[in-house]
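A.B. asks: Input: one structure, supplied below.
The values are calculated or read from the model by the stated rules, or taken from the named source; none is laboratory data. Note that this is a predicted model, so its numbers are computed, not measured. Here Cβ is always computed from backbone atoms with ideal geometry, including for glycine, and neighbour counts include all displayed protein chains.
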Amino acid sequence: MKTVLFVCVHNAGRSQMAEAFVNHYAASQTGWKAESAGTVGGKTLNPNAVVVMAELGISMEGHAPKLLTQEMVDRADTIISMGCGVDAEACPAKFILTEDWELEDPAGQGPDSVRVIRDQIDARVRQMMGLDAK
């Protein structure tokens, strides 16, 4: 089982969408599992992230922002940060060895912009998992 940990600052949008994509695709491709967390942690999920994922039939029900723990880091085979532009001081890449996907933060953006970010995450997850592009 390959465990991927997606980390961002608030764990409210990008990392949550990436976790949901991996776990959705893992239903048809065994051997993958995803978790997500934030270095600071948010209070709630980005509502536009929830909406645009639901448009693809992927529910984020039950998801909530989580604070990054050492146990999560220890469980992970791969750690991917989602982009540090929102708060460079809290960037997970400063604390742990990560691959950074350098994605724009969906916080405060409308559904159209969040869809673009969602689709970028989907493409990267599919590539990482060796799935055919849409």
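A.B. asks: For the stretch 27-69, which positions are in a helix (DSSP H, G or I), among the hydrophobic types (A, V, I, L, M, F, W, C) and touching a residue at least 60 places away in the same chain (Cβ under 8 Å)?
C.D. replies: Going through the stretch 27-69, the residues in a helix (DSSP H, G or I) turn out to be 47-54.
Retained after the next criterion (residues that are among the hydrophobic types (A, V, I, L, M, F, W, C)): 49-54.
Residues satisfying the conditions are ALA49, VAL51, VAL52, MET53.
A.B. asks: Just one of (1) surrounded by 13 or more Cβ atoms within 10 Å (Cβ to Cβ); (2) over 16 Å from GLY42 (Cβ atoms); (3) modelled with pLDDT of 90 or more; (4) among the polar types (S, T, N, Q) trips up THR98, so point out which.
C.D. replies: So the condition that THR98 fails would be (3).
A.B. asks: Hey, could you check the stretch 14-35 for residues that are within 15 Å of GLY83 (Cα to Cα) and touching a Leu at 6+ places or on another chain (Cβ under 7 Å) and say which is surrounded by the fewest Cβ atoms within 10 Å (Cβ to Cβ)?
C.D. replies: Looking at the filtered set, the residue picked out is GLN16.
A.B. asks: Another question about this same structure. Identify, please: which residue in the stretch 47-83 is touching a Leu at 6+ places or on another chain (Cβ under 8 Å) and of a type in the set (Gly, Ala, Ser) and is, among those, surrounded by the fewest Cβ atoms within 10 Å (Cβ to Cβ)?
C.D. replies: By that ranking, first place goes to ALA64.
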